[in-house]
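See structure below.
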Amino acid sequence: MQLSEEQEAIIASKGDIRINAVAGSGKTSTLIAYAKTRPKGSRILYLAYNKSVRTEAIEKFEAAGLSHVQIETAHSLAYKHVVFRHNYKVKPQAYKSWEIANLLALQADGEKHASHMVAGHISKYLALFCNSAALRVADINYAATLKDAKAKKLVNRYNEYITYQTRLLLAKMDKGEIEISHDFYLKKFQLSRPKLDFDFILFDEGQDASAAMLDVFLNQQATKVIVGDTHQQIYAWRHAVNSLESVNFPTFTLNKSFRFPPEIAALSREVLSYKSLLGWDKLPAISGAGKAGKKKSQALLSRSNLGLLVSAINYLEKNPKTKGIYFEGHIHSYTYADDGASLYDVLNLSLNKRKLIRDPLIQLMRNLEDLEEYIDSTEDMQLGMMLELVETYGEQIPELLKKLKEKHCENKQEAELIFSTVHKAKGMEYDTVELGTDFITLKRIEKMLLDEHAKEEVDQARLIEEVNLLYVAITRCKNLLRIPESILPEGVLACPHIEILEKEKEEEAPSKTKAAIRSVPKEKDQKKPVPAGNTLAERQQKYGSAAYRPWTKDLDEELKSMYYRGTRIKEIAAHFNRSQGAILARVAKLGLDEL
């Protein structure tokens, strides 16, 4: 293998270093070459991000004649040091809210389902602490991490109780009274201050490492090499801390990508330049050296589960003769939340088919309004997406999912098209990539920064991660990128490697597959107290009773203002006396593209 100047500089380095490597720049090959040139008999540990990356790394290192390099993930390393020694039993999946409520016999008054809301926050508090470098639960200000006003209010009210019960849950795990979680044994590993017997430690995907594992890494005597891509950090919501930016090691770069051609590299640079509006001044000089090959594998990538399912439904509607599709991580993973609730549970709640609801938490809800209140008070994003999907497609969900499952191939190589969220596609590459329409745009960022109402509540860290998501999606492509016009940066032209997908002409009308959404507020919404000048009759007088009455410039500005303030689509629809479908269509027409 012919090494580049950048790679040669890394191999010749001495002491602790960090490597900022753009997508497809051959970082694994570089680490293999680095390991080969270390002194004979050196003890080397390679830390991979997850199990699939570890399996792939084992094959590559062994093929290079480096079978003596020990390859682990943070969790497999911690498992050997903690679980075996203490004879713990590990719970395969994280504890669900209702399980925590029962285990701790939680009691909380004053709010509907308060004990389960508290349990949800205990679960998040535990995960936050276990992934942090903190020594005590009390060292973490959990309430400060919340964004939703309802969630903050609830946590501030039960703050001492939540903290105490989180410590109690950890104590039960520590004593072996209950099964431990994967987060727990990683934390116990970090708190034990382990000394790892290696001369060199190679830490891959450092931008997505937890603070707990970074603490273990930095406290070793070995020569340390941390590698990753600052702009591929997309797991802050899982408590990743972008460890590349947290260490003060001499920095090396790998800016040439061997995955994609120059045109894709230029587009990647243009997308990352969005960050300059958010105060980011460290942008890589990405260059592309990939050579065009056959367009075998094709994938459609979306930002969210909801966006992906909508894309898949629309694709099959337009291409009914499709023989086979494949979902990265299997289709079932897109219809279940981490907490165990399924899309069918939420649907059966909406249809009042309570006997068919399997999840204990959803069984407690009287209706969708109860669930919505729970989502707001716990910031449960996955349940929120399921609720939105149910509100969009309603009773047609079983039939739509049935069609997707009938077309699903077990073997990815047999599929005509692969569907995946960006998170599940991390580390993957495809010959042809088509992007969904649910990614951030430059226009959206500019509007949020210029709008006085939205500017006060802009979460810059979240917006930076949204830009990272688009960058990661684009850089999965090896040959041809098919990108919607709505998310295309200005000035980027079509070429043999970039195909621009134009907007469909009929944007106002909801898709035929979508469930009909009534154009007037539900009876329970009409009974809610409303401010003066905002009753149903007054809204009808102001906006008219027709769901599709023409929009005016003033109405558009009012819609933008409410949307940027984070008002829910349901509330905006009730305010304008229109259907949620009409509001979503207008949001798309104005290029607001929901986060």
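The values are calculated or read from the model by the stated rules, or taken from the named source; none is laboratory data. Worth saying up front: this structure is predicted, and the values here are computed from it rather than measured. Don't worry about glycine lacking a Cβ; one is built from the backbone with ideal geometry, like all the others, and counts go over all protein chains shown. SASA here: full protein model, heavy atoms, side chains in, ligands and nucleic acids out. Shrake-Rupley method; radii C 1.70, N 1.55, O 1.52, S 1.80 Å.
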Keeping all protein chains in the complex and leaving out DNA, RNA and ligands, what accessible area do you get for GLU416 with a 1.4 Å probe, in Å² to the nearest 10? 80
Distance between the C-alpha centers of region 385-424 and region 26-90? Whole Å please. 35
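Report the relative contact order of the chain, percent, no decimals, based on alpha-carbon pairs under 8 angstrom and at least 6 residues apart.
Worked out over the chain, it gives 15 percent.
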Nearest-10 value in Å² for the accessible area of ASP148, using the 1.4 Å probe: 50
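Can you put ASP109, ASP459, ASP376 in order of accessible area, largest first, using a 1.4 Å probe?
Of ASP109, ASP459, ASP376, the descending order of accessible area is ASP109, ASP459, ASP376.
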Check the straight Cα-Cα distances from LYS321 and name the aspartates and glutamates below 16 Å, setting aside those fewer than 8 residues away within the same chain. GLU406, GLU414, GLU416
Among residues other than PRO398 whose Cβ falls under 12 Å from its Cβ, what is the net charge (Lys/Arg +1, Asp/Glu -1)? +2
Accessible area of the chain belonging to carbon and sulfur atoms, whole % at 1.4 Å probe: 50
Rounded to the nearest 10 Å², the 1.4 Å probe accessible area of GLU399 is 100
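Looking at the chain, what % of its DSSP beta bridges pair antiparallel, to the nearest 5?
The antiparallel proportion sits near 5 percent.
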Calculated from backbone phi, Karplus (6.51, -1.76, 1.60) coupling profile of region 186-198 in Hz, x at Gly/Pro: 5, 5, 5, 4, 5, 5, 7, 6, x, 10, 8, 8, 9
Accessible area per residue for region 299-457 in Å², computed with a 1.4 Å probe and the full protein assembly in place, what is it? 44
Full extension between LYS60 and GLU395 adds, at 0.36 nm per residue less the Cα distance, a length in nm of 115.8 nm
Whole-Hz Karplus couplings 3J(HN,Hα) for region 292-298, θ = phi - 60° and coefficients 6.51, -1.76, 1.60, Gly and Pro as x, run 4, x, 6, 8, 7, 7, 10
Computed [θ] at 222 nm, helices only, for the chain once each DSSP H run of length n ≥ 4 contributes -39500 (n - 2.57): -13000 deg cm²/dmol
Can you give the angle from 0 to 90° between the axis of helix 460-474 and the longest principal axis of the chain, with both taken from C-alpha atoms, to the nearest 10? 70
Between the alpha carbon centres of region 274-294 and region 186-211 the gap in Å comes to 29
Give me the distance in nm between label points sitting 7 Å out from Cα along the Cα-to-Cβ direction at LEU493 and GLN460, one decimal. 3.6
Angle between the Cα long axis of helix 74-86 and the longest principal axis of the chain, 0 to 90 degrees, nearest 10? 80
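Counting only protein chains, not ligands or nucleic acids, how are CYS495, CYS130 ordered by accessible area (probe 1.4 Å), most first?
CYS495, CYS130
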Heavy-atom accessible area with a 1.4 angstrom probe orders LYS152, LYS14, most exposed first, as LYS14, LYS152
Expected unfolding gain across GLU317-ASN87 under the 0.36 nm per residue rule, minus the alpha-carbon gap, is 77.6 nm
